[in-house]
Structure formats: structure tokens, C-alpha cells
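Student: Just dropping this structure here.
Rule-based calculations on the coordinates, nothing more; no lab input. Bear in mind the structure is a predicted one, so any value in this text is a computation, not a measurement. Please note: Cβ atoms are built from the backbone with ideal geometry, for glycine as well, and neighbour counts cover all protein chains shown.
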Amino acid sequence: MAATTPQRPTGANVIVLSGDPALTSLLRDSLAGSHRVWRADDVTHAADLVVAAGNAVLLLDASLADHDTRALVSTIHAQFPDLAIIVAGRRDDEAGLADLVSQGAIFRFLHKPASAERIRNFVDATQRREQQGADLPAAAPGLPLIAALRPQLSRLRLLLPRLERARLRRYLRRSLLLLPLLAIIAALVTWKPWRQLGELLPERTQSAAVQSDPGQDPAVLRLLDAAGVALSQGRLVEPPGRNAVELYRAVLARHPGDPIATRGIERIADQFVIEAEHARADNDLPGLAGAIDALRSVQPDHPRLADFTATLARERNRRTTAPRTPTVADVQAGHTLDVRAARSDAGRVQSFVQLASERMASGRLVGGADSAHAYLFAGRRLDPADPGIRQGIQLLGALLENNARRELAAGHLEAASAWTHDAIALNHDRAALARLRSDLQAARLAGQREVELIPAAGSSADAAPAAISTVVLQPVATPAEPAAAPPPTIVPESQLQRRRFRSPDYPERAVLQRLEGWIEIEFTVARDGTTREPRILAAEPAGVFDRATLDALARWRYEPVHSNGVPVDQRVAMRLHFELAD
């Protein structure tokens, strides 16, 4: 029987991925009373248990059928680099995994047949590693500085096993000389005037601080990954403990308001809205009732619930008030309806594929029930093996990955994280997404956020065009006015001084179809330098470059326009040319 979601014990949570019942039984007997043992049904279940469990240790059987142990270890280590992996196998298995042991991907190799004492020693060793490799704890009231330094000194002892004790003591004495300097730094960090100064920092510094504080600890990131995997496998509300809704709610319990978890729950609700709409169109009352129950369990306050519930009650009342005895014609008609339902499912899948293709072409990749993401999910729930659905998911996943890479390169870490999660939910290329997650985590840790600043407007072309495209900016001509007249209502954008500016991204649809064109836009530069009230004046071709332009415009910042020494709102017009590079 599959194990339930592990709780957090005092010892380790040992997760066993093995088809050998004797090995699992030996592990339970050997570790009883000190560690907990959980049996995973498959690789996906093992990953879910690792995410849900604290202080996890994975024991992998090298004789596991249908799996390449080397590739499996590499994949798991890439996804969970801090996870201690113990591989159980025979001596000929050890020879092929020796380099992974030396690299640290495999913590220990357990020879079979194994002894209870050796199993206990290996698992206990993982706990010693956790204690010795713990990071420097965060500053806490009353925590002596020397106590905070002890884990670092233990790590030094682990990394330099041959260092003589005398040299280690000398290193300790030299380290203690830094205590006054560290105390001064701590005082400066907590000094109240610094907080007042922080309120006066310009917008760029404050926005960078917000971006570098995602509010997501490693446990939150692991839960989000597990929720994305559950979503990709169709585990929306079932089974208990391993479904996407519960994992997203676990994220919100740790990090209230998390945008990715909030949007994930909304996406699941969108799926049940689509199911309810189709069940209502097919007059399928059991299907409508099931969709309503599922939607209510995900979002009890969803605005469509009242409409669906009223339809269900009305149809049930109509059927109960007009009962009649079924005839032979009714039975034959029922069989015909079953055939039609099967055919309608196939036709509905093709409809979802077509709708998803249209939404991808128009740039509506994700968000809401009328998006490529929602339609492909609905189609996959009906027929996961349909070639059109699989091809659409592959294409959408590539577009989402490309968007994540683009946002990561621009320093927009939260947007990149959201696109990455959307790609994970599609079960896109796992190796590519593992690399993307690694790059995203590295950018988070480094706290780097690229903000492209262009000097005062003196040129009409963008200084940093995209690699595959160029967006050229041109002022929109305005009629000349007498010198004595008041300032014009609309001025060309080139007359303003830019504080932050980034060219629009070239839409994927336009790149794929080799489309070029231009767009004229009008907007307001507010008194604080932000952009508001955009309006598309004209575009060629229409509707292709609108979204990219509006997304870029929302991030632009200008020096405020002054009139008689007072900042005022200013209406601005500009033309952008979208040209593909040769």
C-alpha cells in the first residue's frame, strides 16, 4: 500500500524507491524508533514525498526495473541538490556509479545483501552531515556571535579533514579577531537612521529590493515544483495529500499571497469552469454536478458557481416534474446518445486543439479559461494521448520556456518564475526546466536585477535592440504652435527625459510568421514619472504588436514634466517600428 504524506519526525524521513519487499522490511526493522521509513510507488511519488517531508533521505535500489540508475540519480540530484541519496546494489553496480559517489551525487553505496547495522550507520551519517553542513543561522535576539560561528567552524573541519588541531586553533583565534568588526557591521545594519534613509531611496533601489525578496524559502520552492508536477499529471483535487490544490494551499500557508500559488488555484478553477460549461451544453446533469462540486472545493466564492447551481436546480426540477415510462425508442436513443457522446468527446478535443492554436497565435498563452493553457489542459483531461494535444503542449511549453528565459535575462525574476511554473505544469522538457530553475535560483541568490537605463532622449532609435529584432522609435509629428501659446496638449516622446526604458519584446507570433510593422501609441506621463492611460492610435498590421508595446510601456519611467515649477500630467505620442534582423 502506498504511504501517505510523511509528517516531520525527530529523525530522518527515509524514502525507499525499491521493488524488493525484503529490503524495505529490513529498513523498517533497522531504523525503527530512530527514523521513519516511507515506501514510494514510483519516481514521481518519491519526488512528492521528498518535497513534503523535512529532513529527507532517499534510498534507491539499483535493481529497480525500467530505470537507468545513473540517469535517475543525476536527475534527482539536479532537482534536489541537498538530498542525501543512498544507492543499494551489488558490486558490479558500484563500478558504474563510482564517479557519482566521488562527485557527491550519491552519499553512500550500500552493498546488498545489507546488514541492519550498516543501514543505521549510513542513515545516521546523513544526519551528522546535516548538522555539520548547516548554514550560519540568522541573527536572533540574544544569540551570542560565537554561537553563530560554530556551524561555520564545523564546516571548515569537515572540508579540511587533514588540518592539524594546532592550525585550526590558530584559525579560530584569528577568526575571533573579526568579532569587533562584525559587531560594528551589525550595529550599522540595525541603526535606525538607515531605515529612515531607506525611505528616501529612489524608485530603482526600492524596486530592486522588492524583487530580491521573493518571500520563498526552499521549502516553498519545492512545494511549487511538486504542485506543478501534480498539475501536469492531472492530479487537480485527487488523491488526498498529493494533489495540486493541497500543495498550492500549503504554499499559501507558508507564504500568504504567493502569486504563483494563487494563480495556480485560479487555473484549476478555470478547468472546472470549462467542464461545467460543456456539461451544461451537453445537458449532462451528473457531469455538471461533479464539476460544480469540484469548483466549490477549489474556490467556494467563484462568481460562476451561482449560475451553474441555478442551471442544475432548474434542469433537475424540470426532469422530476415530467416523468414518463421509458420506451424501446428511448433505449435506442440512449445508445445513440452514448455513441454521439463518444464522438463529441473526440470532436471536443479537436476543438480544444484549434482554440489553443488560435490563442497561441494571438499571444493569449496563459490566464483565464479562454487561453491556450486552459484549452490544452481541458483537452488532455479528455484524451492525454491525442497527437494534436501533445504537439500543442510541446509548442506552448517551448513558448513559455522562451518567455521565462527572456524575463530572466531582463532581471524580472518573479515573472520568470511564473513562466517557469507554467511550463512545469505542462510537463515540458524536464532537463531544460531543471537548467532554467538552476539559473533562476542563481539569479535570486546573487540578488541581481538588470534595469536598463537610457540617457536623455537624443536619439530616435533604441540603444539595445533584441537579438532577433529591432524596435525603432520615432516621434509622432505634432502641429507647430506660436511661441506665446501654452504648451501643446500632446508632445512627442523624444522631448521627454527617460529614467527607465526598455524596448518591447518582439512577439513570438510575428517572429514565426516573419511579420514587420509599426504602431502609434499615446499615453500619459504622470506627475511621478509613471505611464498611464495608454491608447493605440494606429497599427500595421493591427493587433500584432499591441500587447508587447503595452507590456513594455507599463515599465517605462520618465522625468516629470513641470509647468510653472509644478509637476503636471503630460500626454505623449510616439511611433515604434518593429523590424526583423536579417
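Student: With an 8 Å Cα cut-off and a minimum separation of 6 or more residues, compute the relative contact order for segment 13-132 in percent.
Tutor: Worked out over segment 13-132, it gives 26 percent.
Student: Something else: Using θ = phi - 60° and the Karplus form 6.51 cos²θ - 1.76 cosθ + 1.60, what ³J(HN,Hα) does each residue of segment 57-62 get, whole Hz, x for Gly and Pro?
Tutor: 10, 9, 10, 10, 7, 5
Student: So who's got an amide H within less than 5 Å of the one on Arg499, skipping anything under 5 residues away but keeping other chains? H placed 1.01 Å off N, in plane.
Tutor: Arg557, Tyr558, Glu559
Student: In nm, to one decimal, how far is the modelled label at Ala253 from the one at Ser438, with both set 7 Å along Cα→Cβ?
Tutor: 3.2
Student: For segment 513-582, what does the alpha-carbon gyration tensor say about shape, rounded, prolate or oblate, given a ≥ b ≥ c as the root eigenvalues, a/c under 1.5 as rounded, and a/b over b/c as prolate? Walk me through the intermediate numbers first.
Tutor: Numbers: a/c = 2.94, a/b = 2.63, b/c = 1.12.
Prolate.
Student: OK, next. Pull up all non-local amide H partners of Gly411: gap of 5 or more, or a different chain, and H-to-H distance under 5 Å with H placed in the peptide plane.
Tutor: Glu450
Student: Under a crude label model (7 Å from the Cα following the beta-carbon direction), how far is Gln127 from Leu550 in nanometres?
Tutor: Using points 7 Å along Cα→Cβ, the separation is 5.8 nm.
Student: Once amide H atoms are built 1.01 Å from N in the peptide plane, which residues 5 or more positions from Arg39, or in another chain, come under 5 Å H to H?
Tutor: For Arg39, whose amide H was placed from the backbone, the distant partners under 5 Å are Ala3, Val16.
Student: Give the relative contact order (percent, whole number) for segment 352-407; include only Cα pairs under 8 Å separated by 6+ residues.
Tutor: The normalised contact order for segment 352-407 reaches 31 percent.
Student: While we're on this one: Rank Val37, Val73, Leu17 by how far each Cα sits towards the positive end of the charge dipole of segment 13-132 (+1 on Lys, Arg Cβ; -1 on Asp, Glu Cβ) and give me just the farthest.
Tutor: Looking along the dipole axis, the top candidate is Val37.
Student: Can I ask one more? Across 5 Å bins from the origin, how do the percents of Cα pairs in segment 13-132 run, short distances first?
Tutor: In whole percents, the pair-distance histogram is 2, 11, 25, 28, 23, 11, 1, 0.
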